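Engineer: Encoded as structure tokens, here's the structure I'll be asking about.
The values are calculated or read from the model by the stated rules, or taken from the named source; none is laboratory data. Every value quoted in this text rests on a predicted model; they were computed, and no experiment measured them. Cβ: placed from backbone, ideal geometry, glycine included. Neighbour counts: every protein chain shown.
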Amino acid sequence: MSGDDELVMGAVAYDPKVITIWDGFRAWFREQGFEFDYVLYSNYERQVEELVDGRVHVAWNSPLAWVRARRLAEAQGRTVRAMAMRDTDCDLSSVVAVRSDSGLRSIADLKGRVVATGAVDSPQATLLPLSLLRAEGLQPGRDIEVRRFDVGVGLHGDHIGGERDAARALAAGEVDAACMIDTNHLLFSREGTLAAGSTTVLAQTGRYDHCNMTIGPNAPDAKVNRFAELLSNMSYEDDAVRPLLDLEGLKQWRDGRTDGYEQLENAVDDAGFYDAQGGISARDYRP
Amino acid sequence: MLATIDLEGLGLEEGAHLLIQRALDPLPVGAGVEVQGRHPALAVHVAAWARARGHGVDLDGVAPVVTKGTAHDARWRSAERAGGPGASGVVERAPARWGLAARGALVEAGGPPLNADLVEREVVWSDLAPKLYAQAAAGQWDPAKAIDWEDPFELEQDVEAAVVQVMTYLIENEQAALVVPARFVARLHPHFREVMQLLAIQVADEARHIEVFTRRGLLRTGELGTSGAGGRASLQTLVDEADFSLGSFLLSVLGEGSFLNLLSFLERHAPDPVTRRVAHLALQDEARHVAFGVGHLERSVKADPSLRGRLRLAMERRHTALSDTAGLNEEVFDSLVILAAGAWTPEAIATGWAKVQTLQDEMDEGRRRRLGRLGFPPGEAADLSALHTKNFM
């Protein structure tokens, strides 16, 4: 890590706008007298490993990356913590949508049917909704056939492509149900990927939390505290940061919390995605 | 008491958010609206929509309750009005931060600053601009319909050649007259909306003039005449003038001012009806361009009398720059004589010659009159007029 004065953050380059966002935030931090830099990763697995190894101080993590970081760190006797999250990361849900004219009325009706999901590593469009179906007695591969849309594997579902392809497959009648985050069900219905009123929400997960700013084991406390303070100082009234907040999809930063990840921890175990030590155990996952 | 809204069967994928937002608008931050409705995905979509907009949502009751967040007010807290919509709302100096916003709009802070350097009312504004723009918009004519291109006429071959030469000259002059305002309009803060519109329509005017002069030039022979290096050098000095006031002075007051006489000359003396008609139509437009230039500079000179010194220097500088060039293409001058003569008898040529002399006297007189309006005393106006380019424009 260069420069002892800097706080170095990892972020995953799931979209070109990531550079605009973090370049902008970096400039803003430096204007506040806070030395900050960021490193881009092509996938969350490498980012998490390097965070836990102390190569970066903090990481802007997906919920799945948080689960793995926690497991990896704890297995090594280290600690990571969720310092901050976006207001839009709190209390999300995912849905299983079916065509309104399909006659499917309950989760049990999906038995023997084809369910489309997002990428293998998407918490919102694969792991969480499949966990919901398992809890209702539908085992993927046995009771339902899963048609997975692996777009942006390694990005933990940040790339919307898998969910949109799943929605298209549902609209085209190629699958019986499709899994997606609630926001995208609204988005796809508004943009016409799913014709308005043509789909029905058959099932909805409980509320869960999404990304968080994870503090690594080697992060210096004073810098982390200042970083937290600056994030919470970012005001939507400030026209210098408002465009960046809009791009990153938040109105304000909130304190981190971890009780919203319990469902995902269970879903990861259900799917055998990571083991308890944070090793990757999903056989068909190659970031 | 909690406000309530009933969306009936309308979903958020069909615009129901508009009704929720409208219900939230008058409420203080933190107040809630209970959203009732029959849409099957109502709760799912209300939660997703509210979250993305920074509103809170409570899904524990029978119907979702949206709590108004701070984001909307925060976005607009530092917004400001970009002056007023009418001409009286024009500010002294238009800030770059207003960008391309409409004059009078409520402008959100932030966004890219405008890259414009013509931002001062004193430099660019004329109170005539709104009226002239309205006249210009009403006075637009269609080259295909306003001119009877089939109007029959017969000209001797070399009289036709003289007309073609004059058209060729007019085209290159009008091309300069198009480029100059086009460059200024790109540098002008759109806060000065009417000036921007007027300059834009001036560009469009010149585009039509170029079209009709080209069409008349090619009408019979299908070929154009010559372009002299000296004439082009003279026009280049117009294009190179970067100062808005000086550029407007050289182009509109002096150049296009002289062109009023030239076009009027062609309207009266051209040997065929098509040439007379295109000159007539172009003359109307050019009169507007001159009126704006004079009006704008009259105002500027009143506000800053030292501008007169800079105007004089600009004329002298241009004269010096052109002292080594031939000025007007000799073929153009001769063509004007032939065109006004209309025949090849000594008597006709003498008449044509005299008419062109009169034309030059009229141009000089017009320039002196306009310089007088800008506050130059008669003697100085006469001296300056004599410095004007031999190329007329």
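Engineer: Do we find that A:Leu104 is under 18 Å from B:Ala41 (Cβ atoms) and either outside the structural domain of A:Asn184 (by TED's automatic domain parsing) or assigned to a loop (DSSP other than H, G, I, E, B) (or both) in this structure?
Structural biologist: So A:Leu104 fits the description; yes.
Engineer: Does any residue in the stretch A:19-35 that is touching a residue at least 12 places away in the same chain (Cβ under 8 Å) come within less than 7 Å, Cβ to Cβ, of a residue that is in a helix (DSSP H, G or I) and charged (D, E, K, R) six or more places away or on a different chain, and which pairs are these?
Structural biologist: As it stands, the answer is A:Ile21/A:Glu248; A:Phe34/A:Arg226, since those pairs meet every condition given.
Engineer: With over 15 Å from the mean Cα position of the chain (by Cα), surrounded by fewer than 19 Cβ atoms within 10 Å (Cβ to Cβ), assigned to a loop (DSSP other than H, G, I, E, B) and not hydroxyl-bearing (Ser, Thr, Tyr) as the only criterion, which of A:Ala276, A:Ala228, A:Ala219 stands out?
Structural biologist: One residue alone meets the criteria, A:Ala276.
Engineer: Has the stretch B:37-54 got any residue that is touching a residue at least 60 places away in the same chain (Cβ under 8 Å), among the β-branched types (Val, Ile, Thr) and not assigned by TED's automatic domain parsing to the domain that holds B:Leu188?
Structural biologist: No: the stretch B:37-54 contains no residue that is touching a residue at least 60 places away in the same chain (Cβ under 8 Å), among the β-branched types (Val, Ile, Thr) and not assigned by TED's automatic domain parsing to the domain that holds B:Leu188.
Engineer: Taking the stretch A:166-182, which residues are in a helix (DSSP H, G or I) and buried (at least 23 other Cβ atoms within 10 Å of the Cβ)?
Structural biologist: A:Ala166, A:Ala167, A:Leu170, A:Asp182
For every residue, the table says whether it meets (1) in contact (Cβ under 8 Å) with a residue 60 or more places away in the chain; (2) hydroxyl-bearing (Ser, Thr, Tyr); (3) farther than 15 Å from A:Leu110 by Cβ.
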{"site": "A:Glu145", "(1), (2), (3)": "no, no, no"}
{"site": "A:Gly154", "(1), (2), (3)": "yes, no, yes"}
{"site": "A:Val175", "(1), (2), (3)": "yes, no, no"}
{"site": "A:Ile181", "(1), (2), (3)": "yes, no, yes"}
{"site": "A:Leu194", "(1), (2), (3)": "yes, no, yes"}
{"site": "A:Tyr208", "(1), (2), (3)": "yes, yes, yes"}
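Engineer: With the condition kept exactly as written, say whether any residue in the stretch A:76-96 is more than 22 Å from A:Arg254 (Cα to Cα) and within 14 Å of another protein chain (Cβ to nearest Cβ).
Structural biologist: yes
Engineer: Now a separate question. Quick check, is B:Pro85 in contact with a Lys or Arg (Cβ under 7 Å, 6 or more places away or on another chain) and either within 11 Å of chain A (Cβ to nearest Cβ) or within 30 Å of B:Arg193 (Cβ to Cβ) (or both)?
Structural biologist: Yes; evaluated as a whole, the condition is true for this residue.
Engineer: Do any helices (runs of 4 or more DSSP H) entirely within the stretch B:81-191 hold 2 or more residues that are farther than 29 Å from B:Pro273 by Cα, and if so, which?
Structural biologist: In the stretch B:81-191, B:121-124, B:129-138, B:157-187 are the helices (runs of 4 or more DSSP H) which contain 2 or more residues that are farther than 29 Å from B:Pro273 by Cα.
Per-residue answers, yes or no, for (1) more than 9 Å from chain A (Cβ to nearest Cβ); (2) crowded, with 18+ Cβ neighbours inside 10 Å:
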{"position": "B:Pro28", "(1), (2)": "yes, no"}
{"position": "B:Val35", "(1), (2)": "yes, yes"}
{"position": "B:His39", "(1), (2)": "no, yes"}
{"position": "B:Ala50", "(1), (2)": "yes, yes"}
{"position": "B:Val57", "(1), (2)": "no, yes"}
{"position": "B:Gly61", "(1), (2)": "yes, no"}
{"position": "B:Asp73", "(1), (2)": "no, no"}
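Engineer: Same structure again: Tally up the residues in the stretch A:13-51 that are among the small types (Gly, Ala, Ser) and either surrounded by 15 or more Cβ atoms within 10 Å (Cβ to Cβ) or assigned to a helix (DSSP H, G or I) (or both), please.
Structural biologist: 3
Engineer: Continuing with the same structure: Applying the selection to the stretch A:36-47, what residues are without any contact (Cβ under 8 Å) to a residue 40 or more places away in the chain and within 21 Å of the chain's Cα centre (by Cα)?
Structural biologist: A:Tyr38, A:Val39, A:Leu40, A:Tyr41, A:Gln47
Engineer: Another question about this same structure. Does B:Glu365 meet the test of being charged (D, E, K, R), in a helix (DSSP H, G or I) and more than 33 Å from the chain's Cα centre (by Cα)?
Structural biologist: no
Engineer: Select from the stretch A:176-218 the residues that are more than 30 Å from A:Glu74 (Cα to Cα) and away from chain B (no Cβ under 12 Å) and list them in ascending order.
Structural biologist: Correct list: A:Asp176, A:Ala177, A:Ala178, A:Cys179.
Engineer: Please find, within the stretch A:219-254, the residue that is nearest to A:Val8 (Cα to Cα) out of those that are aromatic (Phe, Trp, Tyr) and within 13 Å of another protein chain (Cβ to nearest Cβ).
Structural biologist: A:Trp253
Engineer: Given the criteria within 22 Å of A:Leu187 (Cβ to Cβ), more than 13 Å from chain A (Cβ to nearest Cβ) and either of a type outside the set (A, V, I, L, M, F, W, C) or buried (at least 17 other Cβ atoms within 10 Å of the Cβ) (or both), does B:Arg22 qualify?
Structural biologist: Judged against the criteria, B:Arg22 is a match.
Engineer: Checking A:Ser235 against (1) assigned to a helix (DSSP H, G or I); (2) farther than 30 Å from A:Gln76 by Cβ; (3) of a type in the set (Ser, Thr, Tyr); (4) outside the structural domain of A:Pro123 (by TED's automatic domain parsing), only one condition comes out false. Which one?
Structural biologist: Status for A:Ser235: all satisfied but (1).
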